[in-house]
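Notes for the one structure printed next.
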Amino acid sequence: MSAYLVRFDLLFPEIAEHETRLLALNGGQAFPTDDYGLLESYCPDPGCDCQRVMLNIISRRDQNQVATISYGFDRTAIHAGPYLDPLNPQSPYAAALLRIIGAYLESEPAYVQRLKAHYALIKAAANPNHPAHHKLSAWLGEAQKLTKMDDPAADLREALRVISEHEPAFKALERKSRQKHRHSAKKTGK
Ligand SMILES: [Zn+2]
């Protein structure tokens, strides 16, 4: 894993506009019910076969990064995750988001395939002939100069705004949480 992860939406903005997931999550008592953008970061080192995505979870209402989830595509690997990345922003309800987004990743193989395709695009950009290569090398040059970013959340907010414009929030998890609710209602009704 490279020390610097690259945001997918910075290298491939046109693809990211349409292929970044926004999830409408009903948090119940566990976390705020809200739309959450799943902004992706990947390791750009072409010599590294880490097979991972870092999901930066951005709350639409808070306009802030509320969890950072690391997920390995090789589900048999020891550190496959998903887990909360200890070096990146979390919130008091990050663990609750990890549980529901982890379950979402397990239940949506098509979405995981999309993430794998994005990972492959980032690795391909390491080739000097790739059209996105100049962006990657510029980004890596900047990242190595910076010891502390002024406000990294600001451009995450901008990225969330862009995907919110293009993509309706997925409600794939609503059915599940309603079922869970019915189940617990039945239990208390006994
Ligand atoms: Zn790597």
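The values are calculated or read from the model by the stated rules, or taken from the named source; none is laboratory data. As the structure is a computational prediction, the values presented were derived from the model and not from experiment. Every residue, glycine among them, receives a Cβ derived from its backbone with ideal geometry; neighbour counts consider all protein chains shown.
A few comments on the model shown:
- Selection within the range 118-134 - touching a helix residue (DSSP H, G or I) at 6+ places or on another chain (Cβ under 7 Å), without any contact (Cβ under 8 Å) to a residue 24 or more places away in the chain and in a helix (DSSP H, G or I): none
- Candidate set: the range 44-65, residues that are more than 9 Å from the ligand (Cβ to nearest atom) and within 12 Å of the chain's Cα centre (by Cα); chosen: the one farthest from N127 (Cα to Cα): S59
- Look at (1) surrounded by 15 or more Cβ atoms within 10 Å (Cβ to Cβ); (2) more than 16 Å from the ligand (Cβ to nearest atom) and you find that T33 fails only one, number (1).
- Pairs meeting the criteria (first residue in the range 34-52 and in contact (Cβ under 8 Å) with a residue 60 or more places away in the chain and on the phi > 0 side of the Ramachandran plot, second residue part of a strand (DSSP E or B) and more than 8 Å from the ligand (Cβ to nearest atom), beta carbons under 8 Å, at least 6 apart or on different chains) are Q51/G72.
- Hits in the range 96-126 (condition: more than 25 Å from L11 (Cα to Cα), within 14 Å of the chain's Cα centre (by Cα) and buried (at least 17 other Cβ atoms within 10 Å of the Cβ)): L97, L98, I100, Y104
- Matching option when the condition is within 16 Å of the ligand (Cβ to nearest atom), hydroxyl-bearing (S, T, Y) and surrounded by 14 or more Cβ atoms within 10 Å (Cβ to Cβ), among Y93, Y71: Y71
- Residues in the range 111-134 that are at pLDDT 95 or above and of a type in the set (G, A, S): A117, A120.
- A single entry from Y119, Y111 fulfils the requirement of being among the hydroxyl-bearing types (S, T, Y) and in contact with a Cys (Cβ under 9 Å, 6 or more places away or on another chain): Y119.
- Selected residue [under 30 Å from H134 (Cα atoms), within 15 Å of the ligand (Cβ to nearest atom) and not basic (K, R)] from V112, V6: V6
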